[in-house]
Amino acid sequence: MKVSLNWLKEHVDISLSPEELGHVLTMAGLEVEGIEAVGQNLDHILAAKILEVTPHPNADRLSLCRVDTGTDIVQVVCGASNATEGVLAPLILPGGKLSDGTKMKEGRIRGEISKGMLLAEDEMGLTDDHAGIMILPESTTPGTPLSSLLPFPDWVFDVSITPNRPDCASVLGIAREISANTGKPLKSFEHGVDAKGPIIDGLTSVSIQDPDGCPRYAAAVVQDVCLKPAPFWMRYRLFQSGVRSISNLVDVSNYVMLEMGQPLHAFDYDRLGENRIEVRRAEKGEVFTTLDGVKRDLDPETLLICDGEKPVALAGIMGGLNSEIHEKTKNILVESAFFDPITIRRGSKRLGLSTEASYRFERGADIGGVISSLNRALYFINLLAGGVTAKGIMDNYSKPFTAPRISFRPEKANAVLGTSISKSAMKDYFHALEMKVVEDGNQDNLYVIPPTFRVDIKREVDLVEEVARLHGFDNIPVLSPRITPSEGSESPDLLLRDKVRTMMMAFGFSEIITYSFVSPDSVNALVGETPGALNAFTRIMNPLTVDQSVLRTSLIPGLMETARYNILHEMEDLKLFEWGKVFFDRENELQPLEKICLAGIILGVHTEKSWYNKKRPVDFYDVKGTLAVLLKGLGLEGFRFKQEKDLPGYDVSISSGIYCDDTRIGLVGFASPEVIEAYELKMGHVCLFELDVAAMLSALPEKKTFVPFGKFPAVHRDLSLVLDRRIECGVIMDIIKEEGRDLLESVHVFDLYEGERIDQSKKAISFKISFRSDRGTLDGEAVNGLYEAMVEKIGQKTGGKLREG
Amino acid sequence: MDNTLKDQLLELEKRANDEIDAINDPSDLEPFRIKYLGKKGALTSLMKSLGTLSHEERPEAGKFANQIKVNLSRHFQDVKLSLEAGRGGDVAPMDVTLPGREPLYGHLHPITLVIKEVCLIFSRMGFRVVKGPNVELDYYNFEALNLPKDHPARDMQDTFYISQNVVLRTHTSPIQVRVMETQKPPVSVIAPGKVYRRDSDVSHTPMFHQVEGLLVDRDVSFGELKGTLTHFIHQMFGSDTRLRFRPSFFPFTEPSAEVDIRCVICGGKGCRTCSHTGWLEILGSGMVDPEVYGFVDYDPDGYSGFAFGMGIERIAMLKYGIDDIQLFFKNDMRFLNQF
């Protein structure tokens, strides 16, 4: 809510500077988001009288004005049609600045000298009016500085209103808070009018069919009003509060809404069928055109204001075109009502129509302020539009409101706040907030009755907050918390996550975080033609874009996209990982399965050429090695890599599952050509991996147990084989492990050769095998026995032979 | 110890020392090393004969022989170095300015770093880290937090809906309810996580991160809320950071307080970052509203507590001087490499 300081000052004395006031409001819970000075640059603007207007010789739309500046008579060029002889208007002299920052200079316009410029209101930042130059009162003496003619200086406060304080969406509400926090009393203001018209009972009636939706509806009638623009001071305040000026009558209802917080509506009395008001729910299929010209389909969610024949307004939201005030309006009916907040909110949501009125009603208007606001409006209507006011107000208060009587324990308030505020100080706070306080006999307790405008005060705890606010949050002591260690332990994946992140970082991987939502097409390159598990999307009903319309089922698209982005920015050697959730829609479940995954990508160069290394691109064994160390480092044992085809997103020939027993805990391999193409990367050497964190966790041994290390020396044997190229290394290693039995300590592949020196269909592979016993120093003979058994078994199973020489 | 062996060793040492001292040409160094210290050198073969000694004699003799080897090696190195130096640096000493063989080191995402730091501060105070689902029931995200269906405060957060009663959580606060549902007081937890709001512009991303905190016990006061968060801010931003608590509104806390710190950019003078107020909003907090206790079956007269929540991107931006929130999710290496 934007509000002018001078307007606030009409309701409460303020001796604070604008900055100090801003601080007081902010610390009272009305956060001031900005303070804007208005009318501060009017120094070079003064009142000037137009003495003579002649046509501009070189431009049809311009004229030359000779104006009296009080000390001089100068010529200015002007284009406004209301610049006529005898009127007074603001004149900016060379050296002055317009509100948009333009500096005024003496110059020639189409060849004619102009020593300044006659100004419209918008050029001074006062209102948005640009219909013509601003006309000043006839009594003004030429040469008077404009700043002394207008209520300046002024400041506009931009106050953020929390949803619980609709009462503060008004000048009066903010003034009340200033009063409560500074001790300055509220001022009285003009309201009501000496009604000289007929008694209202003979002019209209109000019937309410839905007292729950509309507990109170008051109406007044004014006859023979004169429709015209509102005066400058009112238009100025509306403009500073962000409301457009329409006409004196419409402006009065907006002005009173801003000032009192009570939305009002003025109907053309003569356009109301049978001149009466009826409040009812809309029927299904009913159609109504609001005054913005939009035809709206209604249903019983919406409350309607009707006349004797038809709907004339959407209650609490917007008036109708059919009863709107127009040029020929003579008689008006002014509505001031209280509508049920939930009803207004539902109607407003249902229609997608939110207005200043619905904003206030859905948060809660002041049912006790209905009549005083109406009287304030009648005062301004009489002042600005004349007319004759009907005697009395038609006040249908069908469902009277009872203010809550809240039991309040000062001791409890002090316990909750950590303070020792006296009971009498608390009573003073409540009185300052216009609350009634009743002593509870002998008890220490109080009963507090909040005013009708404080719709947020219903419970003891709400009063505790009021005590805290008025006491000042700053004055509540800073206490050390007493924290009892709480039961339960942290989720195991959180501990794992920290370890994984640290290790991945040490392996040279950088962490990325991508959006949880993706395009449904993002898995197309992974799954191919036939949808699979990755297509079990959780869909967002109201996505921002199609590209963010489903929850991801894989981390791969995010990694690929990140790779593409970085390559486009000339960072081509990448090692990235993401730890995050993927989501799988489940039948018969409201929420999807949320699975935590670790995934990564390596591409480009593994080692750059350097003084000690040759350049080498990344390959499968870089990722495999990383994962093996990662898994071992986490404490996982006995995992193995098994070649697998048809893994979504992976190359058919270079892809592997990672298994612990029979459970697949992850995937690793080259990205498939389809995936590489989809992300416009270069073919080859894009390695991916994914690990399922839950599967990893369940494969982890429950606890770490120390294993005593061998006291006796190890015996090593080298085993060099020549075998068919298609025989997997793992097969040989399995045989070695099996035959080495409990004496085998480790197997290390130290050479692999494929080339000219051996048969083309063969490869040579060499292992270093270590044996150790925990019972004694190994006897060379025993080891030789095992070694020979291995060679024999390898020969039988794979045809592999010892390599000669 | 066998004096013969000892004499032999001493004699060998003397001979070798004399010989080293006589060397003038660096090319004579290597033949000398092979002759005495090499695998098949004189000293080595003499040491091999230690095996013939008795069990009792062996350790002492071994020690003696080894000492001679150490002395000889040292003498050899000294001569080698002085010869090389004498030759006017013909053989250059090791170039320590040549780049070392550097292992590749990765980077953690700044959001991760900040979450870790926040969680560490609270863990040290005694809070336990917990988590909750990203796709949350309306009940936990709104209703049980005292945000019924027709509450205007729902407008404060633009929500992504999965179905009528399922949303992408708009804050980490539903975790409060889930924890209280399963655990009786005392409760002290901290809950980091991703949250989602239907909002995307220069200063908003539709996904971001929050950390939520909750403490419920007997007689917890607003003063302790102030103490806890003051400690946190002093740890996070430095112990001279000024802060203020000001009244605000959250449906699930009463009283509610927004916590501001003195602008870290301008020090309070007023700048663009703090919208010329001199203060930066860092945390939302408050005493848990009794209405919430009703949903989790806690006795509002027996227990009290406080909750707080903070946006991680905002803290990271202030901490590292990042001026564009979009950078967090672009994952540009030029950005990530800096953390």
For region A:655-805, what number results from the quotient of the Cα radius of gyration and 2.2 N^0.38 Å?
1.34
Only helical DSSP H runs with n ≥ 4 go in: add -39500 (n - 2.57) per run for chain A, normalise by residue count and round the 222 nm mean residue ellipticity to 500 deg cm²/dmol.
-7500 deg cm²/dmol
Of every Cα-Cα pair in region A:340-446, the percent that sits beyond 16 Å:
75 percent
So which trypsin sites (Lys or Arg not before Pro) in region A:130-196 pass both tests, a DSSP loop state and at most 12 other Cβ atoms within 10 Å of the Cβ?
A:Lys187, A:Lys196
Mind checking region A:680-788 for chymotrypsin sites (Phe, Trp or Tyr not before Pro) that DSSP puts in a loop (not H, G, I, E or B) and that have at most 13 other Cβ atoms within 10 Å?
A:Phe706, A:Phe709
Directionally averaged projected area (convex hull, Cα atoms, chain B), nm²:
31.8 nm²
Using alpha carbons only: equivalent-ellipsoid semi-axes of region B:82-237, gyration tensor based, whole Å
51, 23, 13
Distance in nm between A:Ser17 and A:Glu644 label points, each 7 Å along Cα→Cβ, equals 7.1 nm
Once fully extended, how much extra length lies between A:Ala415 and A:Thr54, figured as 0.36 nm per residue of separation less the alpha-carbon to alpha-carbon distance?
122.0 nm
Please average, across the residues of B:158-170, the number of beta carbons from any other chain that are within 10 Å of each residue's own beta carbon, and give a whole number.
4
Pop the C-beta distance of A:Leu186 and A:Arg564 into the FRET formula with R0 = 60 Å and round what comes out to the nearest 0.05.
0.40
Residues of A:509-520, mean number of Cβ from any other protein chain within 10 Å of their own Cβ, rounded to a whole number?
6
Based only on the alpha carbon positions, what is the Kirkwood hydrodynamic radius of region B:152-262, in angstrom?
16.1 Å
Just to be sure I follow the rule: in region B:1-135, considering lysines 8 or more places apart or on different chains, how many pairs have Cα atoms under 16 Å apart?
16
Rounded to 0.05, the calculated FRET efficiency for the beta carbons of B:Lys40 and A:Lys609 at R₀ = 45 Å is 0.70
Among A:Arg61, A:Arg409, which comes first, second and so on when ranked by fewest other beta-carbon atoms within 10 Å?
A:Arg61, A:Arg409
What whole-number value in cubic angstrom gives the convex hull volume per residue for the C-alpha atoms of the protein assembly as shown?
300 Å³
Taking region A:683-792 and dividing mean pair separation by its residue count, relative contact order in percent (alpha carbons under 8 Å, at least six apart):
34 percent
Based on C-alpha coordinates, I'd like the Rg and Dmax of region A:57-108, in Å.
11.9, 30
Calculated FRET value between B:Glu19 and B:Asn337, using beta carbons and R₀ = 56 Å, to 0.05
0.45
Take every residue in peptide B:211-222, count the Cβ atoms of other chains within 10 Å of its Cβ, and give the average of those counts.
4
Taking A:Lys310 as the anchor, which aspartates and glutamates have their alpha carbon closer than 13 Å to its alpha carbon, excluding any fewer than eight residues away along the same chain?
A:Glu274, A:Glu278, A:Glu283, A:Glu286
Pairwise label distance in nanometres, A:Phe750 with B:Asp219, each label 7 Å out on the Cα-Cβ vector
7.2 nm
With the label point 7 Å along the Cα-to-beta-carbon line of B:Ser200 and a cut-off under 12 Å to each amide N, the hits in region A:529-567 are A:543-550
Can you tell me which of A:309-315, B:49-55 comes out highest on packing, and rank the rest after it, using the mean Cβ neighbours within 10 Å?
A:309-315, B:49-55
Could you work out the Kirkwood radius for region B:1-159, taking every pair of different alpha carbons, averaging 1/r and inverting it, reported in Å?
23.6 Å
So A:Phe712 and A:Leu593, fully extended at 0.36 nm per residue minus their Cα-Cα distance, gain in nm 37.7 nm
Share (percent) of C-alpha pair distances in region A:425-479 greater than 12 Å works out to 68 percent
Can you give me the Kirkwood hydrodynamic radius for region A:490-544, using every pair of distinct Cα atoms, in Å to one decimal?
14.5 Å
Expressed in µm² per second, the diffusion coefficient of region B:188-253 from the Stokes-Einstein equation, with Rh the Kirkwood radius over alpha carbon pairs, at 4 °C and 1.567 mPa s, is 89 µm²/s
Looking at region A:767-800, which trypsin sites (Lys or Arg not before Pro) are in a loop (DSSP not H, G, I, E or B) and have at most 15 other Cβ atoms within 10 Å?
A:Arg775
What number, in percent, do you get for the relative contact order of chain A if the mean sequence gap of Cα pairs under 8 Å and at least 6 apart is divided by its residue count?
8 percent
Within a 10 angstrom radius of the beta carbon, how do A:Met134, A:Met394 rank from fewest other beta carbons to most?
A:Met394, A:Met134
Kirkwood Rh and Cα Rg combined as Rg over Rh, evaluated for region A:111-181:
1.17
Could you work out the relative contact order of chain B? I mean the mean sequence separation of Cα pairs under 8 Å and 6+ apart, divided by the number of residues, in percent.
15 percent
Show me the three semi-axes of the equivalent ellipsoid for region A:571-624, from the C-alpha gyration tensor (sqrt of 5 times each eigenvalue), largest first, rounded to whole Å.
39, 9, 7
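Bear in mind these aren't lab numbers, they're just calculated from the coordinates by the rules spelled out. For clarity, every value in this text was computed on a predicted model and none was experimentally measured. A quick note on method: Cβ atoms are made from the backbone with ideal geometry, for glycine too, and the neighbour counts reach across all protein chains shown.
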